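Enquirer: Quick one: this structure, given as structure tokens, is what I'll be asking you about.
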Amino acid sequence: MKQKKKRSFPTAFTVLFIILVLASILTYIIPSGRFSRLTYNNQSNEFVVTDYKDKTHIEPATQQVLDKLHIQLDLNKFKEGIIKKPLAIPGTYTQIKQHPQGILEILKAPVQGVMDTVDIMIFVLILGGIIGLVNKVGAFEAGIGALSKKTKGKEFMLVTIIFFLTALGGTTFGLAEETIAFYPILMPIFLVSGFDAITCIAAIYLGSSIGTTFSTVNPFSVVIASNAAGISFTDGLGFRVITLIIGACITLGYIYLYAKKVRKDPTCSLTYDTQKEIHDRFLKEYDNEVSNNFTIRKKLILTIFSLAFLVLIWGVSRGGWWFEEMSALFLGVSIIIMGLSGLSEKEAVNTFIAGAADLVGVALTIGLARSINIVLDQGFVSDTLLHYSINLISGMSGWMFSITQLFVFSFLGLFIPSSSGLAVLTMPIMAPLADSVGLSREIVINAYNWGQGLMAFITPTGLILVTLEMAGATFDKWLKYVLPLLGIIGIYSIVMLIISTLV
């Protein structure tokens, strides 16, 4: 009798491709439509208005023009460069000819997605190369061995530190994509410390997600949304800080309960059935005897490697860096480590290439995730969904208005995963609705921030599938882990929104 083959959950590639097909089907169902857009030309000091047909005309950059277009913003926000992206003009939504995305567009989208995200993909490949080098010389093994001795009996302190550092990065400068670099380094440390892959993902991914969800001064979400809404980002800052602290504590408590259960009984791990594959992937070269041999060479390589992350954080938060600069940083560090490794030139280069090859799958996942947004953009459905959302909210008042906005922004976040893009598209239209029901515009900012942030926990078009591919876990295991927390944080967000309407 043949043994029944156990079904496994589809890979990240298959999940994303299924979603890509579903996105293309939506372009047949949801009417295509567009808002007119307003852009400020700082060289000519003029406004450029682009209509639904992509025809443009020039308007003088005056406050009167903004008032005429019902854009309730101060002219100085444009002149000072605070608002740079095109703004949706209220009341200009127009339904256009349907732009369905067929089979050819589905097949072209992943190629376009790779072209759009090539900077991130190069960063991931260089990261894979440098990880390969550091692994080859045994620096990771030695470092993990030394760290595990020092943290013996206090292992959860590692989880707490990583969680709060990533949350701090998320709430201050929008730490998100940059966390991709952390998994190859931290996964072996977590595994040796007795945690499973899910706990490592939670510490890093949920840390940055909670930080970006309950952003305080993140320029890519709360600051740009506040500017687009015509208020200062400091409005309601104290309340946001309190919300962040409580939300972070709730999430860390959730992580702790799961981690404690898994350390007590490893069979309780959601990734127990793939534990061997995960250990083989991240600890294949780990040797306790080698880990005790923490030589000066290994310490120096590990120090240089660690300092690169401090430079990266500085560059992203203060230096205006993006993936081009981050890739250049790690390429430079790779060359230095090659020189210090003691490997021959041929061996060092081949090790770097092999390390990069290990992350090709992750890199391609990034491009495929982007292809979904491309299909939706080319189908012109995002503006239509925004138009429907505005009609839904209009006429509501008080706490019902704020809660409905939370759900609306969560829904829109599925189709517009860019926090800054969602803010600029929606705020000029959504924020004035708060005035009409007698609420502060900062409540709209909170609804936007918390709503779209919550979707980051599970949105396949965001960073989660790339993260899971990096860590060797599957989407179904993550959903089983995170959905209860998503419900808890969702209810918490609703409660805090209601409170904010009363204070």
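Enquirer: Taking the Cα atoms only, what angle lies between the long axis of helix 183-192 and the longest principal axis of the chain, rounded to 10 degrees?
Expert: Approximately 50 degrees, to the nearest ten.
Enquirer: Run the paramagnetic zone check for Thr295: 7 angstrom along Cα to Cβ, then residues of region 348-376 with backbone nitrogen under 19 Å.
Expert: 348-349, 351-352
Enquirer: By its C-alpha gyration tensor, with a ≥ b ≥ c as the square roots of the eigenvalues, how is region 178-323 shaped: rounded for a/c under 1.5, else prolate for a/b larger than b/c, else oblate?
Expert: Oblate shape, in that a/c is at least 1.5 and b/c is the bigger or equal ratio.
Enquirer: What FRET efficiency, computed as 1/(1 + (r/R0)^6) with R0 = 51 Å and r the Cβ-Cβ distance, is obtained for Val65 and Met396, rounded to the nearest 0.05?
Expert: According to the calculation, E is roughly 0.95.
Enquirer: Find the Cα radius of gyration of region 110-240, compare it with 2.2 N^0.38 Å by division, and give the number to two decimals.
Expert: Working it through for region 110-240, the quotient is 1.28.
Enquirer: So how long is each side of region 421-501 along the principal axes, counting just the alpha-carbon atoms, biggest first, in Å?
Expert: Ordered largest first, region 421-501 gives principal extents of 48, 26, 12 Å.
Enquirer: Still on this structure, please answer the following. Would you please put 441-449, 355-363 in order of how densely packed they are, using the mean number of other Cβ atoms within 10 angstrom per residue and starting with the highest?
Expert: Averaged packing, sorted descending, gives the order 441-449, 355-363.
Enquirer: Report the per residue volume, in Å³, of the convex hull enclosing the C-alpha atoms of region 341-445.
Expert: With only Cα atoms used, region 341-445 gives 140 Å³ per residue.
Enquirer: What do the square roots of 5 times the Cα gyration tensor eigenvalues come to for region 366-503, in whole Å, largest first, as semi-axes of the equivalent ellipsoid?
Expert: Values for region 366-503, descending: 28, 19, 10 Å.
Enquirer: Going by average Cβ density within 10 Å per residue, which order do the peptides 127-138, 413-424, 487-498 take, highest to lowest?
Expert: 127-138, 413-424, 487-498
Enquirer: List the pair-distance distribution P(r) of the chain, using every Cα-Cα distance, as the percent of pairs falling in each 20 Å bin from 0 up to the bin containing the longest distance, rounded to whole percents.
Expert: The percentages, shortest bin first, are 21, 53, 23, 2, 0.
Enquirer: Compute the angle between helix 475-502 and the longest alpha-carbon principal axis of the chain, please, reported from 0 to 90 degrees and rounded to the nearest 10.
Expert: 40 degrees
Enquirer: Sticking with this structure for a sec: Could you compute the net charge surrounding Asn449? Neighbours are other residues with a C-beta less than 11 Å from the C-beta of Asn449; K and R count +1, D and E count -1.
Expert: Local net charge: 0.
Enquirer: Next up: Might you report the magnitude of the Cβ-based charge dipole of the chain about its Cα centre, with Lys and Arg at +1 and Asp and Glu at -1, to the nearest 20 debye?
Expert: 1200 debye
Enquirer: Where does each of Trp399, Trp478 land when they are ranked from fewest to most other beta-carbon atoms within 10 angstrom?
Expert: Result, fewest neighbours first: Trp399, Trp478.
Enquirer: Remind me, what semi-axes does region 292-382 give for its equivalent ellipsoid, largest first in whole Å, using sqrt of 5 times each Cα gyration tensor eigenvalue?
Expert: They are 34, 18, 11 Å, listed largest first.
Enquirer: Now for a separate question. Test of understanding: ordering Phe352, Phe13, Phe156 by Cβ neighbours within 10 Å, fewest first, what list do you get?
Expert: Fewest to most other Cβ atoms nearby, the residues stand as Phe13, Phe156, Phe352.
Enquirer: Which of the peptides 267-274, 317-324, 460-467 is most tightly packed, and how do the rest follow, judged by the mean count of other Cβ atoms within 10 Å per residue?
Expert: So the order, starting with the most tightly packed, is 460-467, 267-274, 317-324.
Enquirer: Could you list the square roots of 5 times each eigenvalue of the Cα gyration tensor of region 36-92, that is, the equivalent ellipsoid semi-axes, sorted largest first and rounded to whole Å?
Expert: Semi-axes (√(5λ), whole Å): 16, 13, 10.
Enquirer: To make sure I understand, if each residue's beta carbon is the centre and we count other beta carbons within 10 Å, what order do Ser36, Ser344 fall in, fewest to most?
Expert: If I rank by nearby Cβ atoms, fewest first, I get Ser344, Ser36.
Enquirer: I've got another one for you. For region 46-158, rounded, prolate or oblate, judged on the Cα gyration tensor with a ≥ b ≥ c (square roots of eigenvalues), a/c < 1.5 rounded, else prolate if a/b > b/c?
Expert: The shape class here is prolate.
Enquirer: Using 31 Å as the Cα-Cα cut-off, could you pick out the over-long pairs in Lys136/Lys480; Lys260/Lys284; Lys53/Lys77?
Expert: Over 31 Å apart, Cα to Cα: Lys136/Lys480.
Values quoted throughout were computed directly from the atomic coordinates according to the rules given, and no laboratory measurement underlies them. Fair warning: this is a prediction, and the values are worked out from it, not measured in the lab. Neighbour counts run over all protein chains shown; Cβ positions are idealised from the backbone, glycine included.
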